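The block underneath contains the structure these notes are about, expressed in structure tokens.
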Amino acid sequence: MALFGKKKNSTSPPETAPKKPSPARVVRKQLDDLFEHGTSYTMSEMGLELEALFKEYPAQVLNQLVKRLNTEDSDEERWVAWAFIHLGKAYEGPVKKLTSVLKSKKKPFKSRMLAMTLLQQLGADVDFSHVQLTQDTESAAHVTMELLDDKIEEWLVRIAHAEFADQVIDIIFDLDDTLATMGDTETIPTGIITRLSELSAPEAVSLLQAIAFVSRSNRLAKKAERALERLQSKVLRAIPPCVTALDGPQFYRAYATDPIAGEPETLIFSWRTEGKNLMAFVFLLDVLPSNDVTVSDFFATRSVSIKEFKVDFLKKGMQKGVTFHDMQFISGQRLLKKALQGNKTYRKALPKLYRRYAHLIERWILMGSH
């Protein structure tokens, strides 16, 4: 009984709710579970789990994946690469995140190299030519070569299955773009050529020959030529026509359209590639009131049969009121040189795709003679 007033009810301290884990911790744990227990999932099930987590915590998932780019665990590295590729095919965020990693000089060298490789595999619209990854130590170069192993394997598979010259050009442009991000170094190009020389398999020899014919790097092309000379003492293997066709390809014909006021003039150079196929470089030229001309656009066709080229390209153009005339190579060469001078005079930038093919245009047209 209470001596004074009413008896107070005894109360226990209020229970505190368990602290909710942070989103970063939730994501880290779930990614760990996915990686460690991946064998219990099918790839499609793992993809669905990853996407669900990404939709709920997009920033945290990308931050965690970026941290793991620098892992020393090769299995985890492959898993992280798969995760970025899987998400990058469906969402823009992973591509933007990888691009920021690639361009950040504060990120570890290995992370930036892997980011570059993943962006290339995703076909991201990134200008790699302005990205410089410099290696100051042999260990960095060693890491780079390890990361390039998958790219070398990819190039070998692609050239083994290539049927047309334009496919070979795309492979070497990809290789050139990859090397362009690594700064002015001898170690990596030499390492790639050495790897291919040691393999000396048919596709490796084909890739060396394609580098010698198509690479925009004269230094890399010379290394490939010397490697091929050393391989001459070994059993020679047939190099596919889609590669040999690029060794100063056989000129077929040049065409030009009649200048029409207010309309660009079209200039075409075509070459024989594999078999009876052709590929062409097409220049659109702006005719100025002063009668000067400038290059306003450029594209390269894929390899097609002569019939397809004439029917689908030339005749369809004529149906639209455009008339193509045969032109001697030297006349087309002079017209192109005049247009390029016009770009310099009027300070007009050359098209982006022209700059990509500039070394082949130089070799096959500007310095050519037919």
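Brief remarks follow.
- Of the set (1) in contact (Cβ under 8 Å) with a residue 12 or more places away in the chain; (2) part of a helix (DSSP H, G or I); (3) surrounded by fewer than 18 Cβ atoms within 10 Å (Cβ to Cβ), all apply to Phe313 but (3).
- Among residues of region 353-365 that are within 14 Å of Ile211 (Cα to Cα), those with a Cβ under 9 angstrom from a residue that is not in a helix (DSSP H, G or I), sequence gap 6+ or separate chain, pair up as His359/Ser215; His359/Arg216; His359/Ser217; Leu360/Arg216; Leu360/Leu246; Leu360/Phe281; Leu360/Ala300.
- Just one of the numbered conditions (1) at negative phi; (2) over 25 Å from the mean Cα position of the chain (by Cα) is not true of Gly275: (1).
- Evaluation of Glu274 against the conditions (1) assigned to a helix (DSSP H, G or I); (2) surrounded by 16 or more Cβ atoms within 10 Å (Cβ to Cβ); (3) of a type in the set (D, E, K, R) shows that the sole unmet condition is (1).
- Flag if Gly93 is touching a His at 6+ places or on another chain (Cβ under 8 Å), of a type in the set (Gly, Ala, Ser) and either more than 26 Å from Ser22 (Cβ to Cβ) or surrounded by 13 or more Cβ atoms within 10 Å (Cβ to Cβ) (or both): no
- For Tyr346, the test of being over 24 Å from Ser290 (Cβ atoms) and either within 25 Å of the chain's Cα centre (by Cα) or not hydrophobic (A, V, I, L, M, F, W, C) (or both) is failed.
- Check on Leu284, exposed (fewer than 14 other Cβ atoms within 10 Å of the Cβ), under 26 Å from the mean Cα position of the chain (by Cα) and outside the structural domain of Ser217 (by TED's automatic domain parsing): no
- Unique residue being at pLDDT 85 or above, surrounded by fewer than 12 Cβ atoms within 10 Å (Cβ to Cβ), out of contact with any Asp or Glu (no Cβ under 7 Å at 6 or more places or on another chain) and closer than 26 Å to Leu122 by Cβ when the list is Ala52, Ala24, Ala83: Ala52
- When the residues of region 288-310 are filtered to those that are free of Cβ contacts under 8 Å to residues at least 60 places away in the same chain and touching an Asp or Glu at 6+ places or on another chain (Cβ under 6 Å), the one that is surrounded by the most Cβ atoms within 10 Å (Cβ to Cβ) is Thr294.
- Test: residue in region 326-336 that is aliphatic (A, V, I, L, M), at pLDDT below 90 and not in a helix (DSSP H, G or I): no
- Scope region 287-319; condition under 31 Å from the mean Cα position of the chain (by Cα) and of a type in the set (S, T, N, Q); matching residues: Thr294, Ser296, Thr301, Ser303, Ser305
- Restricting region 128-176 to residues that are of a type in the set (Val, Ile, Thr) and surrounded by fewer than 19 Cβ atoms within 10 Å (Cβ to Cβ) leaves a set whose member that is modelled with the highest pLDDT is Val157.
- Cβ pairs under 9 Å, 6+ apart, first in region 206-219 and over 15 Å from Cys242 (Cβ atoms) and in the same structural domain as Arg230 (by TED's automatic domain parsing), second in a loop (DSSP other than H, G, I, E, B) and modelled with pLDDT of 95 or more: none
The values are calculated or read from the model by the stated rules, or taken from the named source; none is laboratory data. Please read all numbers here as calculations on a predicted model, not as lab measurements. Using ideal geometry, Cβ is built from the backbone for each residue, glycine included, and neighbour counts are taken over all protein chains shown.
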